[in-house]
Amino acid sequence: MLKALLSLVAIALISFVSQVRADEDYILQQAFFEDKTNALSLDQIRNEKFTSYTGWLAKGYSASTYWIKLSIRPSDQDLVLRIRPTFAETIQLFDPQGAVSKRVTGAKHPWKESDIQSYNHNFKLGSLQQEREIFLSVKSNRSYLLSFDVMPAAEYLGGDHIDGLLYIGYIVFTFTLALGLLGAWLTNRELVLGVFTIQQFFAFFHTFFVVGYARIFLDRYIDVSTINYLAYVVVVSYPFIAILANKLLFEEYGLKRTYRFIFNGLSIASLLVISLLLLGYTNESLKFNANLVMATICVFCLTAWFGTFDSNNQKNINLPVNILRIYYSLNLLMWSVSVLPLLGIVEGKELTLHSYLLYNVFSALIFFLLLQYRARAILKNETLKSEALKKEAEYEKFRREEQGKLMAMLTHEIRTPLSVLKLVVDRKVTGSDLEEFANRAVSNIDSIIDKCIQLDQLDLNALSINKTPFNFSELLLSVTSDTQLEGRFVILGEDHIDIRSDRDIMRIIVSNLVINATKYSAPDSKIQISSSIDGIEDNFRLKFSIQNEIGPIGAPDPSLVFDKYYRGPAAAKISGSGLGLFLVRELTYALAGDIKCHINQDSITFTVWIPI
């Protein structure tokens, strides 16, 4: 399951690169100057040597003031200067030809005083009859990761609307997962799950403050300086909760003594960062915190691979350590994309703007699925231990049913923010090379959610079977048509086969087998499908088989191919969850049928028999 999400997250990250930019480049040149004295005036700055740059300015954390010089080409349209990201604190505009020569905006200034009350910082420039040179003074305790765009006002408002939808998607998604973990913890009062629930709520508040919604919604009630200070507190407290939660998880696997000392050291360092903030050393605290976060993520990854005792000697491990290793490796990759530009180590890009938010979203989603897997294992172990006592067994069954309802509710609620994200992705990448990948990424998440629901139904014996007459041949043609790869299928057998069974379950069985064949067969090879009725008198059965050539990743182990989460040794290169064939087998058994897998030298065949 987690290996499939590796590819999924990578594709999803790429899909958000296409952040709305100006259709025309109104900025002819941009340059910067670092004022280490924080005391130079505009007249003094004019005589200094500016350094030209393109794209994003990434200078990390600094106590200096950065001056930006922009040359803007003429336009008869009213132009707006957009400044990103939203956590840039104080931006002063010096425009000698403007109606007001000196204006200010930023996270430290009231939202209602912005030129345009929107999600991004901005200045109205009006129409320009000739090329204009403006200066910006930027002072911030946070990272000097800055982007400047000039565009017509109408274009700015349209792009800002899309940003707003995207930010709402981030916030709703992280909050939904936090509520889901809270519900799971209320069902099963378990320490590790409880601490991770607190961490997820911190992730929600972190997102809420970082995207600027706290400034927008709380501006009229709370002084903006207080809002900023609360944001600092959330930012520096988040790592401490994460260190505690992950240490508790690793201790279940037997945390080695050296790594336990390292975790204690990280906790002390995090408390030191919080103390620096409380003592008024804001810039130092935030800079130290960013470096600490990077070091902490590295420690998590190293601990997963080398910091626990041999898992074979451990008892009652509810989540395989290899799954954790993959997760923390992915975690390190995602967080590096977020933090390195903030530290000024690598160049900032469009992806950087959303990378820390995407990290919260996808990391939380992956870990939610892992905790779901872990919760299932815990319930299974507790059920086995309580079999001797009828009363305890009934109580465990009740808890399991409640958790199943919770997961069904949560997977339903996740679809709402997914729909928002897909709407934004569709609007931002339609017609580009990223459209297919973006839609596939969202579809893959939706598919995984569907499989989680189906697994819950199977685990709870809640699958409802509704047998009705239908034409199996039409169903088969519909499934193959949905793949948009009709040319690869060779359908043999009778053209009209009427059966009596559960149409929805049969469609899931056929769809999973067809998708499996298209994904793992040799490229552009033919896939042979045959169906017929066999048996005698009142014991008729539908016989359905699908055969494909073995692809470049090789054949699976036939003894393991129907196991939950099983994937072939080389299958990591192809997106998949390891749940499809397991669902096929279980649903076939639910219909009192049977399924077999046969592998020869060049091909693999799955054959299904269903009573009709």
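Amide H contacts for residue 491 (H built 1.01 Å from N in the peptide plane; partners 5 or more residues away or on another chain; cut-off under 5 Å): 529. Taking amide hydrogens as placed 1.01 Å from N in the peptide plane, the amide H of residue 62 sits under 5 Å from those of 144, each at least 5 positions away in sequence or on another chain.
Amide H to amide H, with H built 1.01 Å from N, residue 121 comes under 5 Å of 83, counting only residues 5 or more places away or on other chains.
Under the definition of Cα pairs under 8 Å and six or more residues apart, what whole-number percent is the relative contact order of the stretch 76-200? Display every interim value, and only then the final one.
Values: 177 pairs, mean separation 37.4, N = 125.
Here the relative contact order equals 30 percent.
Globularity index of the stretch 474-538 is 1.20 (Cα radius of gyration / 2.2 N^0.38 Å, N = number of residues). The residues 43, 163, 594, 495, sorted by heavy-atom accessible surface at 1.4 Å with ligands and nucleic acids left out, run 495, 43, 594, 163 from largest to smallest.
For a protection proxy built on the mean count of beta-carbon atoms within 10 angstrom, sort 554-567, 167-180 highest first, please.
167-180, 554-567
Couplings for the stretch 510-518, taken from phi via the Karplus curve 6.51 cos²θ - 1.76 cosθ + 1.60 with θ = phi - 60°, read 5, 4, 5, 5, 5, 5, 4, 5, 5 Hz in order; Gly and Pro are left as x. Here the spin labels are modelled as points 7 Å beyond Cα on the Cα-Cβ line, and at residue 268 and residue 485 they lie 5.7 nm apart. Within the set of other residues whose C-beta is less than 11 Å from the C-beta of residue 87, count the net charge using Lys and Arg as +1 and Asp and Glu as -1. Charge balance in the 11 Å sphere: +3. Taking the stretch 463-482 and a reference point 7 angstrom along Cα→Cβ of residue 498, the backbone N atoms nearer than 18 Å belong to 467-476. Computed from backbone phi with θ = phi - 60° and the Karplus coefficients 6.51, -1.76 and 1.60, the 3J(HN,Hα) list for the stretch 287-299 is 5, 4, 5, 5, 5, 5, 4, 4, 5, 5, 4, 4, 5 Hz; x is used for glycine and proline.
For the stretch 151-264, the relative contact order is 24 percent, taking Cα pairs closer than 8 Å that sit 6 or more residues apart in sequence and dividing their mean separation by the residue count.
Legend: calculated FRET efficiency, residue 602 to residue 306, from the Cβ-Cβ distance at R0 = 56 Å, rounded to 0.05, equals 0.85.
Values of log10 I(q)/I(0) for the stretch 165-243 across q = 0.10, 0.14, 0.23 Å⁻¹ run -0.27, -0.51, -1.04, by the Debye formula with one identical scatterer at each alpha carbon and no solvent. Remark: for residue pairs 69/287; 36/124; 36/69; 519/596; 247/287; 49/124, the C-alpha separation exceeds 21 Å in 69/287; 36/124; 247/287; 49/124.
The values are calculated or read from the model by the stated rules, or taken from the named source; none is laboratory data. On a predicted model such as this, the values are computed, not experimentally measured, just so you know. Don't worry about glycine lacking a Cβ; one is built from the backbone with ideal geometry, like all the others, and counts go over all protein chains shown. Surface accessibility is based on the protein's heavy atoms, side chains included, excluding ligands, DNA and RNA. Shrake-Rupley method; radii C 1.70, N 1.55, O 1.52, S 1.80 Å.
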